[in-house]
Amino acid sequence: MCAAALEEYCGSIFWNASYLERPDPDLPVCVEQTVLVWIPLGFLWLFVPWHLVALFRRPKVNTKHLSKLYICKQLVVSLLFLTAIAHLGVTLGEDFGPNSDQSSTNAGVYYANPVLFAVTWILVLLCHEGLRREGAIDSASLFLFWLLLVVCDIFPFQTLLREALRLGEVRDVPRFSLFYISFGLELIALVLSTVADIPPEAKDFIKKNPEAGAPFLSRITFNWLNSMVLKGYKQPLVQEDMWDLNESDSTAFINERFQHFMKPELDAARVRFQNKMKKKSAKTRDSAQEDPQQNGLSSGLGKGVSQDVLMMEERGKKEDEKKKKKKDKKKEEENYPNSWLIPTLYKTFKWILIESAFFKLVQDVLTFVSPQLLKLMVSFTQDKSRHVWEGYLYAVLLMVVALLQSLTLQQYFQRCFVLGMKVRTALMAAVYKKALVVSNDTRKESTVGETVNLMSADAQRFNDVTNFIHLLWSCPLQIIISIVFLWLELGPSVLAGLGVMVLLVPINGFLATKARKIQIENMKFKDKRMKIMNELLNGVKILKLYAWEPSFQKQVEDIRGEELKVMKKFAYLTSVSTFIFSSAPALVSLATFAVFVSVSKDNVLTAEKAFTSISLFNILRFPLAMLPMLIASIVQTAVSKKRLEKFLAGEDIDSDIVRQDPSFNTAVSVCDGSFAWEKDAKPLLKDVNLDIKPGQLVAVVGAVGSGKSSLMSALLGEMYSTKGFINIQGSLAFVPQQAWIQNATLRDNILFGSPHEEKRFKDVIQACALAPDLELLPGGDLTEIGEKGINLSGGQKQRVSLARATYSQADIYLLDDPLSAVDSHVGKHLFEKVIGPSGILKNKTRILVTHGISFLPYVDEIVVLENGVISEIGSYKNLRASGGAFSKFLDTYATEQSNQRNSETGEGQDAEDFDLIPDGDDAQPDSALEDTVSLTLKRENSIRRSQRNGSVRLRRNTSVKKSENADEQKKGQKLIEKETMETGQVKLAVFLQYLRAMGWGYSAMVFVIYFIQTAAFVGQNLWLSDWTGDSVEYYNTTYPSWKRDTRVGVFGALGVAQGLFVFLGTLLLANASVDASRILHSKLLNNILRVPMVFFDTTPIGRVVNRFAKDIFTIDEAIPNSFRSWLLCFLGVLGTLFVICLATPFFAIVIIPLAVIYFFVQRFYVATSRQLRRLDSVSRSPIYSHFGETVSGLSVIRAYKHQDRFLKHNEVTIDENLKSVYPWIVSNRWLAIRLEFVGNLVVFFSALFAVISRDSIDSGLVGLSISYALNVTQTLNWLVRMTSELETNIVAVERVSEYTELENEADWVTDTRPPQQWPEAGRVQFENYKVRYRPELDLVLHGITCDIDSTEKIGIVGRTGAGKSSLTNCLFRIIEAAEGCIRIDDVDISKIGLHDLRNRLTIIPQDPVLFSGSLRMNLDPFDKFSDEEIWRVLELSHLKSYVSGLQEGLQHEVAEGGENLSVGQRQLLCLARALLRKSRILILDEATAAVDLETDNLIQNTIRKEFSDCTVLTIAHRLHSIMDSSRVMVLDAGKIVEFDSPSNLLEKEGHFYAMAKDAGITLESNTHL
């Protein structure tokens, strides 16, 4: 019916099958005139409305500008319009012209088509104009329209040509010529539509972000990335090379959208939660004392109470703990508004999700087209009577389908990965924003580390899951479709293969749980090993001084041994699961085919069936492997979701606690206020009434824990007010007790976001006593301050914090004890110049919490706190007179301070890290510019260690006393060298080094076995193709059963062999890689323990730890895995190419060019991708450290009201990271699309050559080679991924070997060994001894010559940096002599082994370093002494009573760094160590501030008694302790200036006398001693 109408419309026949059943097929003219015209035009008309809408909107860009490209496009379309009119003209002329033949008119189509085309061209002209007004660069729909049009016009193109050639003349010249003219114009239009039309105003933006200017073709092939890939190949990329982000990918945009959807969702969730809580509280109402309603003012409506009541009940009944615990857990879970995060994310990113789902669906459908085409192809080669053009058609179709599949797959991946990135960004930004406003309750629930974890780990989990979220529906879909197709091929026998697959799932699950257990065990050992390594590196100086390295080396090696055992277990387990996974496809096809042929005699395996099924089974493997993994990661993400919901739904800080009412005439007033830290806790501050007038200076005093800092927090609005209110007029500045320093320059820390005014800045620096420090810092005020202010001393941090407040020019200053961390004379300076009545802030309101009594007389008013209540307020005089709490306070503190004063004067300068170098007395011109390392080493002895950080060495990048010519930095001036970031390609040598560590034998065997496995795989498939040949041979005859059994048997045997060889190979590789791990680790450890001390002073410990943690982890786990995958992939690709060449030898010709393309793509990609990965990890850490900083400095940020600035900063930091993440995602797509293109060419050529040589080739082989080719795209992709992963990972070997080749110190034991009893007398002689810390630096000791007799007691004194500690370092050969020598009992110490020397000397170091382990291990790590001896020394060092009181006695576990012992006890333990060694020479490096006077006396007395017959060298910081020594050595600038008995030196009135006078010691007082 329809055909008849069309035939009338065309005036010719519409369809006749005979057109196709000939060697040169063609389409009927009617089809070409109707269907092939309507397809492209219909497509265009669908999209036209969208483009035309733009004509009615206001133009987005400047419309005056007409680009050349635009004019060309319009010109071409106008010409096409003219051709359409001409067509119409020709038809009209023929029908109605003067010489028209009335009998035969033209058919309707000759009128309709020109009109259709004319209308279309007008529409296209309008579309172009619409696009230009939109400012669009190009249009996908128009490009596709032109493409369709050209493709559809190819058919009439060849029809007309062939007809003309057949007839030898052109019948219809005008139409013939018009067609070819318009075809040419269409081609031009197609080319023009692929070029981007960039408006001039967008040019600059597109330079920074090429993606915005990429036309359609470039967008789908990711060509716009080329420039970056090229750059990355030429030289390593750096952060500056990164492009700008698209508006929609930027943090600010994503965060805004996310917050917009989050608010309503969260509010709804809160309402649901409150209703639930109401129901609950109704149940517990009778036991609750108060109705939650009255607490319902804040948003958490009643949350607090009901929860607390429940908890109280629980506490009441402590029995049935276990049941209660579970109950508690349940309550915990429901304790916050939940299930709102996922809907929010969905709403925010709905469109990307829908788009990617669409692409995934298309791709899934296309996946199943290839096997069907393969089937047609195979049947084509079998049936020799078919026309050749069919084969070419199938080859082209295979190629087109594969191309479409690649394009859709990459678009899908691109969208999914970008979605993952955006989800991570949204969560990170939300967590950060929340952290700025979070209330104290919520803050208490999690530590800073946990909060940072939300941002790093949990957001990352979401990122990983969203990448693959569509597999949740796509996997089942793929499984169902492939089962359907397999059923159509093989009938019910599919179920056998499917059964095998399903069976493998639980087995894999079992193995996975087992593996997880082993992993956990492994982590335990890893943590243990890292803990010891950490301690070892932190206390490396002590190990060297005591010569204890071997003991610790053994400890670490033992744990490492355990760890490797577990690793081996894990590797064996992995190899079992690999075995199962690799033999799965073989087993599945074996089961299916065996069942298929044995079910009935009629079932014969043909080539079509076999290879179609195999390619379907290959499709099935992926979803079956992915589903369990996906589900596991979703479960993990659920945990993260809970944590994020809990944090993000927590309560915000109440902003209306502090009022800003201008009607008050005070600066600060608190009316009858009571404040608590938690919502329903007892108030800490009760009934506070306080009025402070503008411009007053108020001191707040009170005993420890009386609530002084809480009062500050209350004024800042950080506490809950249970009653009363606070009113504050004006802006606040806050100096916390613990200074909070940002990781930025010193200037930025002080400016804190305010503009920089030079004069004001200078004044503040002067007033805060920072000027001398700035001279010491290498970059002045632009010095970069490390995290948590690591390179500033405590006093400096506090002064920077004060300077920040001073600079901010606020109205009210809250100063929380800023003077406690600084020295007394500095404190005085700060009070005079900044805080006090004549300081910079004299006109501001100041509230000062202080313990310093000396300042109190100068303040306007004093507030005395006692247990959270203000006990009295008044001026100093009045309070002094009243004799209340204040005078009591004064008495306690006055006595303490006078005690301190005595000792302080002597050590004031030393202790405070020479924060202020007093004028004149230290700046002698002859002291050369010292470098930082020597200073750090020297100053180790004079740094007051913060007791908490046990043994963290303070590193300060200072260079002291800039002399005029010191501008050019000397080599080695910078203390910490920058870590080298590996760039460029990894050397082959590194690979060889790893193989060598694995053992050459092992490596070769692994390779051979894997090779055999690949051979078995290929063999199995060749056997299969041979088997399919039987169907031709036994056509219409019965199939002999012996033949069937052999076929199935050999097929199965080869399959199992494959699995076994993989298993063997994996086992061998596991053993080999464990060996490699062992060798590399022990080399590294061995060397690190033998490296000279200087290395540890110039290398941050973290960097060394990283070698032992991350790099060793990579060598243990990542490298073996990627190595194995790489080998398998590589051999797989070789096998594929071999099979294709075997089937169609022609193919070998194509391999070469394809290999070249492949190689280049791969090299370009690896270079760029590797660098992008590095940039990603480098730019990721600032996000977390900035966040950690923000959380720890919250109160400061809130006090200054700088939340917005920090939010902005966070957005910028995340954006910087996204700038390298985004190109990395795209670079993966860039690579994949190019590789898949190569793979598609492989498919195309293998099909093409199969068609060409179809007469000489067996259909089985065709099926084989094409099904292989279809698989090769994935394998190629993997191969490149694996290569780049292997390259990235192998860097770890490089980094580890870098540290195994460091220069060692001298041998521990040499051939010249000292006598057994040496040193007997204990005489020490220095002969013209000179020493420097590193070859390129100046001398530290300038030729010291002295003689110390047996049993002398020598005191060594001198200012900081005079070389006191260098002397001990030299005795132990921590640093080696530059000239001269030291003799002990006439043995030159540089000639004997280090351990021989260090074992015979004893030192009591300045800071007591303990290691985690038993007490006994800390005293005697080599188990040399008996328990009796140990108890004896414990008694002598006054620890016996303490140790015998412990449950485990000597086996008592010491915590890391000795945290569970007091500092005094640690010092006594070090004394016990010395007593146990009891050598003839004792060096006593006196502790400065760590020890209380009592312990100090204990130690001094024991030493006098026990070491009376030894030579004792004491490095003194307090002169009192060495006044009784036989001689005193005074050092200055590395020379001995005085050396005599103390009394003589005092009479001489030289250096020593001056120091003694400072310390308040004179001849008279000395005679009293």
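The values are calculated or read from the model by the stated rules, or taken from the named source; none is laboratory data. Please read all numbers here as calculations on a predicted model, not as lab measurements. Every residue, glycine among them, receives a Cβ derived from its backbone with ideal geometry; neighbour counts consider all protein chains shown. Ligands, DNA and RNA are stripped out before the accessible areas are found, and what is left, the full protein with its side chains, is counted by its heavy atoms. Shrake-Rupley method; radii C 1.70, N 1.55, O 1.52, S 1.80 Å.
Residues of segment 488-538 being at pLDDT below 85, of a type in the set (D, E, K, R) and under 26 Å from Ala625 (Cα atoms), which ones?
Answer for segment 488-538, where residues must be at pLDDT below 85, of a type in the set (D, E, K, R) and under 26 Å from Ala625 (Cα atoms): Glu489, Arg516.
Each row is one residue, and each column tells you yes or no for (1) in contact with a Lys or Arg (Cβ under 6 Å, 6 or more places away or on another chain); (2) open to solvent by less than 40 Å² (accessible area, probe 1.4 Å); (3) among the hydroxyl-bearing types (Ser, Thr, Tyr).
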{"site": "Lys360", "(1), (2), (3)": "no, yes, no"}
{"site": "Gln363", "(1), (2), (3)": "no, yes, no"}
{"site": "Val369", "(1), (2), (3)": "no, no, no"}
{"site": "Phe380", "(1), (2), (3)": "yes, yes, no"}
{"site": "Gln411", "(1), (2), (3)": "no, yes, no"}
{"site": "Val423", "(1), (2), (3)": "no, yes, no"}
{"site": "Val448", "(1), (2), (3)": "no, no, no"}
{"site": "Ser456", "(1), (2), (3)": "no, yes, yes"}
{"site": "His470", "(1), (2), (3)": "yes, yes, no"}
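Considering Arg1198, Arg1170, Arg1107, which residue is in contact with a strand residue (DSSP E or B) (Cβ under 9 Å, 6 or more places away or on another chain) and either of a type outside the set (A, V, I, L, M) or in a helix (DSSP H, G or I) (or both)?
None of the other options fit; the residue is Arg1198.
Being surrounded by fewer than 23 Cβ atoms within 10 Å (Cβ to Cβ) and touching a residue at least 60 places away in the same chain (Cβ under 8 Å) is the filter here, so list the residues in segment 721-731 that pass it.
Ser721, Phe725, Ile726, Asn727, Gln729, Gly730, Ser731
To keep it simple, each residue is scored yes or no on (1) within 30 Å of Met242 (Cα to Cα); (2) modelled with pLDDT of 85 or more; (3) buried (at least 21 other Cβ atoms within 10 Å of the Cβ).
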residue: Ile1140; (1), (2), (3): no, no, yes
residue: Pro1145; (1), (2), (3): no, no, no
residue: Val1161; (1), (2), (3): yes, no, no
residue: Ser1185; (1), (2), (3): yes, no, no
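I'd like the full set of residues that are modelled with pLDDT of 85 or more and under 26 Å from Arg443 (Cα atoms), limited to segment 688-706.
Val688
Among residues belonging to segment 1163-1183 that are more than 23 Å from Trp1278 (Cβ to Cβ) and aliphatic (A, V, I, L, M), point out the one that is surrounded by the fewest Cβ atoms within 10 Å (Cβ to Cβ).
If we take residues in segment 1163-1183 being more than 23 Å from Trp1278 (Cβ to Cβ) and aliphatic (A, V, I, L, M), then Val1178 is surrounded by the fewest Cβ atoms within 10 Å (Cβ to Cβ).
Is at least one residue of segment 764-787 part of a helix (DSSP H, G or I) and in contact with a Phe, Trp or Tyr (Cβ under 7 Å, 6 or more places away or on another chain)?
Yes: one or more hits.
Output the number of residues of segment 246-271 satisfying the condition of being open to solvent by 30 Å² or more (accessible area, probe 1.4 Å) and either aromatic (Phe, Trp, Tyr) or within 10 Å of Ala429 (Cβ to Cβ) (or both).
Qualifying residue count for the region: 5.
Going by what's in this entry, would Lys788 be described as over 22 Å from Val849 (Cα atoms), at pLDDT below 80 and open to solvent by 10 Å² or more (accessible area, probe 1.4 Å)?
When the stated conditions are applied, Lys788 passes them.
Against the definition (at positive phi and under 46 Å from the mean Cα position of the chain (by Cα)), how does Gly1458 come out, yes or no?
yes
For segment 647-662, does any single residue satisfy the condition of being open to solvent by less than 30 Å² (accessible area, probe 1.4 Å) and part of a helix (DSSP H, G or I)?
yes
In segment 546-561, which residues are of a type outside the set (Asp, Glu), open to solvent by less than 30 Å² (accessible area, probe 1.4 Å) and farther than 17 Å from Leu1080 by Cα?
Tyr546, Ala547, Trp548, Ser551, Phe552
If a residue must be under 49 Å from the mean Cα position of the chain (by Cα) and either among the hydroxyl-bearing types (Ser, Thr, Tyr) or in a helix (DSSP H, G or I) (or both), how many such residues does segment 836-851 contain?
Going through segment 836-851 one residue at a time, the tally reaches 2.
Could you figure out which of (1) in a helix (DSSP H, G or I); (2) under 30 Å from Leu1022 (Cα atoms) isn't true of Pro1145?
Unmet condition: (1).
Taking the residues in segment 1020-1068 that are small (Gly, Ala, Ser), free of Cβ contacts under 8 Å to residues at least 40 places away in the same chain and more than 30 Å from Lys568 (Cα to Cα) as candidates, determine which candidate is most open to solvent (accessible area, probe 1.4 Å).
Ser1041
Take segment 689-706 and flag every residue that is touching a helix residue (DSSP H, G or I) at 6+ places or on another chain (Cβ under 9 Å) and open to solvent by less than 30 Å² (accessible area, probe 1.4 Å).
Once the filter is applied, which keeps residues that are touching a helix residue (DSSP H, G or I) at 6+ places or on another chain (Cβ under 9 Å) and open to solvent by less than 30 Å² (accessible area, probe 1.4 Å), segment 689-706 yields Leu690, Leu697, Ala699, Val700, Val701, Gly702.
Which one of the conditions (1) more than 21 Å from Thr845 (Cβ to Cβ); (2) among the aliphatic types (A, V, I, L, M); (3) not in a helix (DSSP H, G or I) does Ala810 fail to meet, given that it meets all the rest?
Among (1) more than 21 Å from Thr845 (Cβ to Cβ); (2) among the aliphatic types (A, V, I, L, M); (3) not in a helix (DSSP H, G or I), the lone unmet condition for Ala810 is (1).
Inspect segment 562-573 for any residue being open to solvent by 50 Å² or more (accessible area, probe 1.4 Å), at pLDDT 85 or above, among the hydroxyl-bearing types (Ser, Thr, Tyr) and assigned to a helix (DSSP H, G or I) and give the result as yes or no.
yes
Residue by residue, here is whether (1) touching a residue at least 12 places away in the same chain (Cβ under 8 Å); (2) closer than 30 Å to Asp1030 by Cβ; (3) buried (at least 21 other Cβ atoms within 10 Å of the Cβ) holds:
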residue: Leu1261; (1), (2), (3): yes, yes, yes
residue: Ser1297; (1), (2), (3): yes, no, no
residue: Glu1305; (1), (2), (3): yes, no, no
residue: Arg1313; (1), (2), (3): yes, no, no
residue: Val1324; (1), (2), (3): yes, no, yes
residue: Glu1327; (1), (2), (3): yes, no, no
residue: Thr1345; (1), (2), (3): yes, no, no
residue: Ile1356; (1), (2), (3): yes, no, yes
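Taking the condition touching a Phe, Trp or Tyr at 6+ places or on another chain (Cβ under 6 Å), at pLDDT 75 or above and of a type in the set (D, E, K, R), does Glu1506 pass?
It is false that Glu1506 is touching a Phe, Trp or Tyr at 6+ places or on another chain (Cβ under 6 Å), at pLDDT 75 or above and of a type in the set (D, E, K, R).
Pick from Ile862, Ile847: which is open to solvent by less than 70 Å² (accessible area, probe 1.4 Å) and over 27 Å from Ile1197 (Cβ atoms)?
From the options Ile862, Ile847, the qualifying one is Ile862.
Please state which of the following conditions Asn453 fails to meet, knowing it meets all the rest: (1) within 16 Å of His1186 (Cα to Cα); (2) within 20 Å of the chain's Cα centre (by Cα); (3) in contact (Cβ under 8 Å) with a residue 12 or more places away in the chain.
Of the numbered conditions (1) within 16 Å of His1186 (Cα to Cα); (2) within 20 Å of the chain's Cα centre (by Cα); (3) in contact (Cβ under 8 Å) with a residue 12 or more places away in the chain, the odd one out for Asn453 is (3).
Of everything in segment 973-1007 that's of a type outside the set (A, V, I, L, M, F, W, C) and modelled with pLDDT of 85 or more, which residue is most open to solvent (accessible area, probe 1.4 Å)?
By that ranking, first place goes to Arg996.
Residue-wise test of (1) part of a helix (DSSP H, G or I); (2) acidic (Asp, Glu); (3) loosely packed, with under 11 Cβ neighbours inside 10 Å.
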site: Ala4; (1), (2), (3): yes, no, yes
site: Tyr9; (1), (2), (3): yes, no, no
site: Leu27; (1), (2), (3): no, no, no
site: Trp50; (1), (2), (3): yes, no, no
site: Leu69; (1), (2), (3): yes, no, no
site: Leu79; (1), (2), (3): yes, no, no
site: Ile85; (1), (2), (3): yes, no, no
site: Asp95; (1), (2), (3): yes, yes, no
site: Tyr110; (1), (2), (3): yes, no, no
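Take Ser854 and decide whether it is free of Cβ contacts under 8 Å to residues at least 60 places away in the same chain and in a helix (DSSP H, G or I).
Yes; evaluated as a whole, the condition is true for this residue.
Does segment 544-572 hold any residues that are hydrophobic (A, V, I, L, M, F, W, C) and under 29 Å from the mean Cα position of the chain (by Cα), and which are they?
Residues satisfying the conditions are Val556, Ile559, Leu564, Val566, Met567, Phe570, Ala571.
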